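The values are calculated or read from the model by the stated rules, or taken from the named source; none is laboratory data. On a predicted model such as this, the values are computed, not experimentally measured, just so you know. As a convention, Cβ positions derive from the backbone with ideal geometry for all residues, glycine included, and neighbour counts pool all protein chains shown. Each accessible area value is taken on the protein alone, full model and side chains, heavy atoms only, with ligands, DNA and RNA left out. Shrake-Rupley method; radii C 1.70, N 1.55, O 1.52, S 1.80 Å.
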Amino acid sequence: MKDQGRSKRKRTGGRLKPSSNKKRYQLGREPAATTVGEPRFQTIDSRGNNEKLRTLSTNVAQVADGGEVTQADIEGVIDNPSNVNYARRNIITKGSIIDTSAGRARVTSRPGQDGQVNAVVVAEE
């Protein structure tokens, strides 16, 4: 979500004058919208001497089942509580339920921020 900053109006409807211009650290970016497909990544500059690795698309996930972690292939997105349309468009975000070769799993990482998909196996209903 792009951060647009403070509103230009008070709750009463009166005008608020900005005390300063926006700084570089206040800038917002478009969401990564990680999809299922051939692995594609993007490196973006972040605050300090750091970089973030954005996953634009991926087809592998690290799936934890109990104490054991295995690498599994992602077959598709079953459900995404953050947005119903994301499941139809196969977009992976934190909390989405994905169908993997190891079974159904819930994503615990943020692929647009971390650069990888970590998930835990969920019991099928």
Conditions (1) outside any loop (DSSP other than H, G, I, E, B); (2) open to solvent by less than 40 Å² (accessible area, probe 1.4 Å): number failed by ASP45:
(2)
Residues of region 31-84 satisfying the condition of being among the hydroxyl-bearing types (Ser, Thr, Tyr) and over 14 Å from the mean Cα position of the chain (by Cα)
THR43, SER46, THR70
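Do you know which of the residues in region 68-86 that are part of a strand (DSSP E or B) and open to solvent by less than 20 Å² (accessible area, probe 1.4 Å) is nearest to GLY28 (Cα to Cα)? It would help to see each step written out before you state the result.
First pass over region 68-86, keeping only residues part of a strand (DSSP E or B): 68-79.
Now narrow it down to the ones that are open to solvent by less than 20 Å² (accessible area, probe 1.4 Å): 72, 74, 76-77.
Working: ALA72: 33, ILE74: 29, GLY76: 29, VAL77: 27 Å.
Within region 68-86, the match that is nearest to GLY28 (Cα to Cα) is VAL77.
Just give me the residues in region 91-108 being part of a loop (DSSP other than H, G, I, E, B) and within 15 Å of PRO31 (Cβ to Cβ), in sequence order.
Narrowing region 91-108 to residues part of a loop (DSSP other than H, G, I, E, B): 93-96, 101-102, 108.
Hits for region 91-108 are THR93, LYS94, GLY95, SER96.
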Odd one out for ALA61 among (1) of a type in the set (A, V, I, L, M, F, W, C); (2) open to solvent by less than 40 Å² (accessible area, probe 1.4 Å); (3) within 28 Å of SER7 (Cβ to Cβ):
(3)
Anything in region 73-90 that is in contact (Cβ under 8 Å) with a residue 40 or more places away in the chain and over 12 Å from ALA33 (Cα atoms)? List them, or say none.
ILE74, GLY76, VAL77
Scope region 48-58; condition in contact with a strand residue (DSSP E or B) (Cβ under 7 Å, 6 or more places away or on another chain) and either open to solvent by 60 Å² or more (accessible area, probe 1.4 Å) or farther than 18 Å from ALA119 by Cα (or both); matching residues:
GLU51, LYS52, LEU53
Can you name the residue in region 87-125 that is touching a helix residue (DSSP H, G or I) at 6+ places or on another chain (Cβ under 9 Å) and more than 17 Å from GLU68 (Cα to Cα) and, of all such residues, is most open to solvent (accessible area, probe 1.4 Å)?
LYS94
